[in-house]
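The structure appears right after this line, and notes come after that.
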Amino acid sequence: MITVEHLSKTYGAFRAVDDVSFTCKPGTVTGFLGPNGAGKSTSMRIMAGLTIPDSGTATIGGVRYRDIPNPGTQVGVLLDASAQHAGRTGREILTLSALTMGLPKSRVDEMLNLVSLSDSEAKRRVKNYSLGMRQRLGIANALMGDPKILILDEPANGLDPAGIHWMRSLLRAYANQGGTVLLSSHLLHEIEIIADEIIVIGNGKIVAQGTKAELLQGAGAFVKAADNAALAGALAQAGLTASPSDGGLSVDAEPAQIGQVAAAAGLALVELRGADSAGLEEMFLQLTATTQREGVVTTGGVA
Ligand SMILES: Nc1ncnc2c1ncn2[C@@H]1O[C@H](COP(=O)(O)OP(=O)(O)OP(=O)(O)O)[C@@H](O)[C@H]1O
């Protein structure tokens, strides 16, 4: 179990992490989602004892990372795949890791095998690795001590589609066996495929958290009518907020309620459904709008 309570971190006058609290439970993959600069890496660095918070605590199984004896056997951490010693080979890096943790050298070959780094790749210096190969090496390093908890910062960066698929399967199997996974990404799509729980961070603050279904509950519904403008009018009269979206309307209400309004107004519907991934994306963009570098774009229009 990872427990983060009221974490805050300020750099000069800038508050990078602002009163962040959440937990990650065994048997689940928790996605830590936020736009660039939202505070994900800073929070994870605090969890791994590399950055000291101004206030708040981050504990793993009730203990701060720095106080865990032989931490690699309890928590696997991958924060920056490119931060590995560039002059060493992949095999050397893993061997040093195994020695530090008091593990047999045979574990190195097991891990190389697990992340599909070939023998010749393992003999190459890390400075000559692609980003995807560095991520694989970083994941091998994180898993080396057979920890029950994984903290991974943007682990899919640089992986090709097959690599991303491989990583998802690996993390899913790990969680299914009772492991706890926290992984960050700035890509909603990546998180919603793998994560059981989603934590959304924007501007250093947690802006939403829950399962995908829970987050979608607040995301409303999508409706398309033969006459969208007439439906928008009827919904407004019923006190419901609708905005143009993808050739229809995005409405802040449950589908049943929208259906009733349409029926009462005698309007024919072409499509009606609860918000899906598009709704989640819209919500993610809105929730993190203050930290988006680009303005939030509303798609579609009333036909
Ligand atoms: N050592 C530091 N000194 C000053 N500012 C910092 C430092 N570390 C992080 N920051 C700032 O804190 C904010 C949060 O950074 P952080 O790396 O945690 O974001 P992130 O969510 O991981 O972003 P990304 O998706 O781009 O990796 C950024 O504005 C960053 O510039």
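Observations, loosely collected:
- Entry remark, region 56-84: residues being within 16 Å of the ligand (Cβ to nearest atom) and open to solvent by 30 Å² or more (accessible area, probe 1.4 Å) number 6 in total.
- Among the residues of region 26-44, those that are of a type in the set (Ser, Thr, Tyr), within 16 Å of the ligand (Cβ to nearest atom) and open to solvent by 10 Å² or more (accessible area, probe 1.4 Å) comprise 41, 42.
- Residue in region 273-285 that is within 16 Å of the ligand (Cβ to nearest atom), in contact with a strand residue (DSSP E or B) (Cβ under 8 Å, 6 or more places away or on another chain), of a type in the set (Phe, Trp, Tyr) and modelled with pLDDT under 95 present: yes
- Long-range neighbours under 6 Å by Cβ, at least six apart or interchain, first residue free of Cβ contacts under 8 Å to residues at least 60 places away in the same chain and away from the ligand (no atom under 16 Å from the Cβ) within region 174-189, second open to solvent by less than 20 Å² (accessible area, probe 1.4 Å) and not small (Gly, Ala, Ser): none
- When region 163-193 is filtered for residues that are open to solvent by 10 Å² or more (accessible area, probe 1.4 Å) and at pLDDT below 90, the ones remaining, listed by number, are 186, 187, 188, 189, 190, 192, 193.
- Residue in region 128-140 that is over 26 Å from residue 7 (Cβ atoms), within 16 Å of the ligand (Cβ to nearest atom) and open to solvent by 30 Å² or more (accessible area, probe 1.4 Å) present: yes
Results for (1) away from the ligand (no atom under 16 Å from the Cβ); (2) under 30 Å from residue 289 (Cα atoms), shown as yes or no for each residue.
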| position | (1), (2) |
| --- | --- |
| 1 | yes, no |
| 24 | yes, yes |
| 46 | no, yes |
| 86 | yes, no |
| 98 | yes, no |
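- Count - residues of region 112-127 that are closer than 17 Å to residue 85 by Cα, free of Cβ contacts under 8 Å to residues at least 40 places away in the same chain and open to solvent by 100 Å² or more (accessible area, probe 1.4 Å): 2
- Region 4-28, residues that are farther than 19 Å from residue 72 by Cα and touching a Leu at 6+ places or on another chain (Cβ under 8 Å): 17, 19, 20, 21
The values are calculated or read from the model by the stated rules, or taken from the named source; none is laboratory data. These numbers come from a predicted model, not from an experiment. Note that each Cβ is placed from the backbone with ideal geometry, even for glycine, and that neighbours are counted across all protein chains shown. These accessible areas exclude ligands, DNA and RNA; they are computed on the full protein's heavy atoms, side chains included. Shrake-Rupley method; radii C 1.70, N 1.55, O 1.52, S 1.80 Å.
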